[in-house]
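Since the structure comes first, as structure tokens, the remarks are kept for the end.
Just so it is clear, none of the values below were taken in a lab; they were calculated from the coordinates. As the structure is a computational prediction, the values presented were derived from the model and not from experiment. Don't worry about glycine lacking a Cβ; one is built from the backbone with ideal geometry, like all the others, and counts go over all protein chains shown.
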Amino acid sequence: MQNIKGRDTRIEVIFRKALWQKGYRYRKNDKKLPGHPDIVLTRYKIAIFCDGEFFHGKDWDSLKVRLENSNNSQFWIDKISRNRQRDQEINRRLLFEGWTVLRFWGQDIKKHTEECVQVVEEAIFDGLLDSGEYDGEYAKE
């Protein structure tokens, strides 16, 4: 467990490089926000989390069944359940504070980076429309 990094993971670096190439500027692991999002686009109030499939419980129903038949199963089930619960709490807090929350799975970032960036761009565009700041085209930071 001590070898598992919480920052600058491979998936975060891949995603940040793709955003940077598109001209988006961001903050990393902003401690001022609940959950310390991996990437924060402060100008657009977008918080991005890059979640690993195992520790954040992707396909939880099937993963839980597999874990029940493994060593130290109760520890892992409790840990991942708590991680999922914490993710939901953080999402609620950020939404309450007016942030747009985006969560991406690690494999999606690795295999479909461009599509993930497009989701971010759509969120930016939607935010500009909602705020009334859109005037026909939007400039990147």
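For segment 10-131, a crude dipole built from +1 on the beta carbon of Lys and Arg and -1 on the beta carbon of Asp and Glu, taken about the Cα centre, is about 560 debye to the nearest 20.
Each principal axis of the Cα cloud of the chain was taken in turn, and the coordinate range along them, longest first, works out to 57, 30, 26 Å. Taken along the Cα-to-beta-carbon direction at a fixed 7 Å, the label points for residue 107 and residue 10 span 1.4 nm.
Holding the Cα-Cα limit at 29 Å, pick out from 45/110; 79/111; 17/64; 32/111; 28/110; 28/111 the pairs that are longer than that. Cα-Cα > 29 Å for 17/64; 32/111; rest within. For segment 1-91, the relative contact order comes to 18 percent (Cα pairs under 8 Å, sequence separation of at least 6).
Between the beta carbons of residue 27 and residue 79, assuming R0 = 25 Å, the FRET efficiency works out to 0.35 to the nearest 0.05.
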